[in-house]
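Throughout, read-outs are computed from the coordinates displayed, never taken from laboratory work. All values reported here derive from a predicted model rather than from experimental measurement. Quick reminder, even Gly has a Cβ in these numbers, built from the backbone with ideal geometry, and neighbours come from all protein chains shown.
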Amino acid sequence: MHKLENKIIVLFGGNGRLGKSFTKALLKEGAIVYSCDIKDFEKEFQKKLSRKFSDKIYFKKIDATNKVDLIQLREEILKRHSKIDSLINSTTTKGDDFYLPFEDVSLEGWNIGLLGNLTLPFLTCQVFLKPMRENRSGTVINISSIYGLVGNDQGLYKGSNLNNIYLDKNETKTSQVYSHAVYNAAKGGLNSLTRYLAAYYGKYNVRINTITPGGISHPDENETFVKKYSDKTPLGRKANLDEINGALIYLTSDDSSYVTGHNLVVDGGFTIW
């Protein structure tokens with residue numbers, strides 16, 4: 001049986017690697033998915049899913065910083081389906097100076113990091129929790145990070161090529177890549193926002209939880225970084241892309257009907273040290 005048969009799910013960050021994996025997993029479980037992103041969706045991915053799940057997938061290009069656009073999307077969904085069952089926030093943003101040393105990063109870069117990792121979930125929750133509250137039913141899953149729980153070992157990034165993979169414009173002038181403080185601050189804030197919302201909406205039977213993934217393998221990451229990260233992880237490797245899906249399905253489905261305010265850590269043991 002499909003655990004999410006005909007549940008209406010709105011996913012932000014749907015064009016990211018994790019977002020695409022989530023979209024496919026949700027569709028396979030029978031959900032109707034609104035996959036949202038500010039960027040254009042990859043055409044082949046869009047075409048393939050539209051062909052296979054023609055009546056269950058909607059791709060929406062939207063600027064989630066625009067509350068008016070969010071409300072319009074919410075009303076479009078409610079007009080078509082009369083309900084919204086789940087909201088998933090899987091957004092992130094990095095400024096051009098994301099991998100510079102702490103002393104050299106800009107206020108602009110800090111604000112960009114806060115926007116995608118914390119402010120966008122705040123806005124989407126404001127808009128999409130309203131019908132859940134009225135229906136006294138719904139779930140929210142915020143995607144956090146291990147760095148919302150622990151500090152960074154900056155030595156992991158020495159010799160890595162992450163700046164070349166994750167930034168469209170590389171302005172890192174140092175030989176070492178650094179992990180930006182805003183990511184920790186924003187993801188830690190997202191964990192706290194989850195607990196706040198779980199307490200606020202509990203009496204309306206709306207559940208809000210967090211998933212904290214560990215590092216997810218990327219085919220372009222160099223061997224130096226992958227080995228350092230894997231050596232620091234009890235399971236001895238990075239996560240495969242689809243290994244976060246099980247946690248998402250669990251928290252979105254009725255299997256977790258008595259779970260709220262929880263942070264489900266899926267990190268191969270990285271944060272137990």
Rounded to whole Å, give me the distance from the Cα center of the stretch 194-246 to that of the stretch 1-36. 17 Å
So in the chain, what percent of DSSP beta bridges are antiparallel if you round to the nearest 5? 5 percent
Give me the extension gain from PHE45 to VAL150: residue separation times 0.36 nm, minus the current Cα-Cα distance, reported in nm with one decimal. 34.3 nm
Could you list which residues have their amide H under 5 Å from that of VAL140, counting only those 5 or more apart in sequence or on another chain, with H placed in the peptide plane? LEU87, ARG207, ILE208, ASN209
In the chain, if the dipole is taken from +1 on Lys/Arg beta carbons and -1 on Asp/Glu beta carbons about the Cα centre, which of ASN117, ASN245, SER50 is farthest to the positive end? SER50
Evaluate the distance, in nm, between pseudo-label points positioned 7 Å from the Cα of ASN135 and of LYS227 along their respective Cα→Cβ axes. 5.1 nm
Residues of the stretch 16-38 with amide N under 14 Å of a point placed 7 Å along Cα→Cβ from ILE62: 33-38
Would you please classify the overall shape of the stretch 64-173 from the alpha carbon gyration tensor, given that a ≥ b ≥ c denote the square roots of the eigenvalues, rounded means a/c under 1.5, and beyond that prolate means a/b larger than b/c while oblate covers the rest? prolate
Which of GLY148, GLY19, GLY236 fluctuates most in a GNM of the chain (C-alpha springs under 10 Å)? That residue is GLY236
Vicinal HN-Hα couplings computed from phi for the stretch 9-14 (Karplus, 6.51 cos²θ - 1.76 cosθ + 1.60; Hz; Gly/Pro x): 10, 10, 10, 9, x, x
Cα-Cα over 24 Å, subset of LYS3/LYS39; LYS48/LYS79; LYS94/LYS187; LYS48/LYS187; LYS39/LYS232: LYS3/LYS39; LYS48/LYS79; LYS48/LYS187; LYS39/LYS232
Gain on full stretching of the segment that runs from ASP55 to ASP242 - 0.36 nm per residue minus C-alpha separation: 65.0 nm
Kindly provide the GluC sites (Glu not before Pro) of the stretch 149-238 that DSSP labels as loop, not H, G, I, E or B, and whose Cβ sees at most 16 other Cβ atoms within 10 Å. GLU171
Fewest-first ordering of CYS125, CYS36 by Cβ atoms within 10 Å yields CYS125, CYS36
Subtracting the Cα-Cα distance of GLU76 and TYR196 from 0.36 nm times their residue separation yields 40.4 nm
Max mean-square fluctuation residue, GNM over the chain, Cα-Cα springs under 10 Å, options HIS81, HIS262, HIS180: HIS81
Binning at 5 Å from 0, report for the stretch 149-238 what percent of all alpha-carbon pair distances ends up in each bin. 2, 11, 17, 19, 16, 12, 8, 7, 5, 1, 0
